[in-house]
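The values are calculated or read from the model by the stated rules, or taken from the named source; none is laboratory data. Computed from a predicted model, the values in this text were never measured in an experiment. Virtual Cβ from ideal backbone geometry, glycine too; neighbours counted across all protein chains shown. Only protein heavy atoms, including side chains, enter the accessible area calculation; ligands, DNA and RNA are left aside. Shrake-Rupley method; radii C 1.70, N 1.55, O 1.52, S 1.80 Å.
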Amino acid sequence: MRILILGGTTEAASLVRRLADHPDYDVTLSLAGRTAAPLALPARTRIGGFGGVAGLAAYLRAHGIEALIDATHPFARVISGNAAAARRETGVPLLAIRRPAWTSEPGDEWHEVDSVAEAVPVLGTVPRRVFLTVGRLELAAFAAAPRHRYLVRTIEPVGDALPGIDVTAIEARGPFDAEQEAALMRRHGVDVLVTKNSGGTATYGKIAAARSLRLPVVIVRQPVLPEVERVADSRAALAWLEAHRATDRGV
Ligand SMILES: NC(=O)c1ccc[n+]([C@@H]2O[C@H](COP(=O)([O-])OP(=O)(O)OC[C@H]3O[C@@H](n4cnc5c(N)ncnc54)[C@H](OP(=O)(O)O)[C@@H]3O)[C@@H](O)[C@H]2O)c1
């Protein structure tokens, strides 16, 4: 069974590992190409956009793909829309792995916003020590609030994304656990966390740490994604693939 996995997430990596060495699956992992040195995974990997819905549909047909797995990040809205449209155009079965979003607990101080740009004014006028984990490509919005000091964690170097701003940059790839996150926040005197509501477990540590330190969190809500068949994790995705393979074999 030829499978195309749209990746760039922990779930995609986990599914690739589950399918590795499985003789019944021929797996290609697709990455957008945002990171210079992606995590090494045991699958054929292609890198770069397809050229919109038409390009993705053409790829599915040209490579005889029998199942498409959208394991992209919940904030990767365009590619998820393209996957749903390509499924309609080609009839190739599509499954999305969608992590449940994080939810606040009693006592949490969460400020929910709809975009990274909307998070900036929520930081207020008093200078603060801000822990920013929104991804390198969305840092520029914080140039509008130079009064704050930022602890920025990204996978790739931030480069000159925040010129003239007080930035302490950390390069690291998750997962991160809650104790390490709390220690990091204490060490840097963080007094507010800004994050996307990415959901899942790999980066939940910062949410738990902010809770334990009683820090406020400015959190970007997940965008609305197309309604497609979905599961919550790679284990369920494997079960879905097994079921499809059985149907195809007429079992
Ligand atoms: N947004 C985030 O916060 C975030 C966080 C962690 C990881 N990621 C990962 O980074 C990638 C890019 O995120 P984004 O928010 O820029 O996506 P996006 O806005 O939904 O996608 C923009 C364009 O990038 C290309 N693309 C995206 N994902 C691709 C993939 N897996 N394989 C091939 N092409 C892909 C597509 O180009 P064409 O139209 O030319 O096909 C798409 O139209 C995603 O794969 C996502 O899983 C994103």
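Side notes on the structure shown:
- Extent along principal axes [Cα atoms of the stretch 82-142; Å; largest to smallest]: 54, 32, 15
- In order along the stretch 65-71, the Karplus-derived 3J(HN,Hα) couplings, from 6.51 cos²θ - 1.76 cosθ + 1.60 at θ = phi - 60°, round to 5, 9, 8, 10, 10, 8, 10 Hz, and Gly and Pro are given as x.
- Rolled with a 1.4 Å probe across the full set of protein chains, the surface gives E138 an accessible area near 80 Å².
- Simple point charges give the picture: +1 on the Cβ of Lys and Arg, -1 on the Cβ of Asp and Glu, and for the chain a dipole about the Cα centre of about 240 debye.
- Heavy-atom accessible area order for R17, R221, R245, largest first, 1.4 Å probe: R17, R221, R245
- Derived scalar couplings ³J(HN,Hα) [the stretch 184-193; Karplus, 6.51 cos²θ - 1.76 cosθ + 1.60; whole Hz; x for Gly, Pro]: 4, 5, 5, 4, 9, x, 5, 10, 7, 9
- E179-A20 FRET efficiency (beta carbon distance; Förster radius 25 Å; 0.05 resolution): 0.20
- Phi-based couplings in Hz for the stretch 150-156 (Karplus 6.51, -1.76, 1.60; Gly and Pro marked x): 10, 9, 10, 10, 9, 7, 9
- With the whole protein complex present, D108 retains an accessible surface near 40 Å², based on a 1.4 Å probe.
- For the stretch 146-239, the residue among T195, V158, L213 whose Cα projects farthest onto the positive side of the dipole built from Cβ charges is L213.
- Built amide H within the under 5 Å cut-off of V220, gap 5+: V113, T195, K196, N197
- Accessible-area ranking of R153, R46, R187, largest first, probe 1.4 Å: R187, R46, R153
- Three-way shape label, the stretch 110-220, alpha-carbon gyration tensor, a/c 1.5: rounded
- Between the listed residues V116, A86, A96, the Cα displaced farthest toward the positive end of the dipole of the stretch 56-129, a dipole computed from Cβ unit charges relative to the Cα centre, is found at A86.
- The stretch 201-243 shape via C-alpha gyration tensor axes, a/c threshold 1.5: oblate
- Solvent accessible area, Å² - T133, 1.4 Å probe, full protein context: 20
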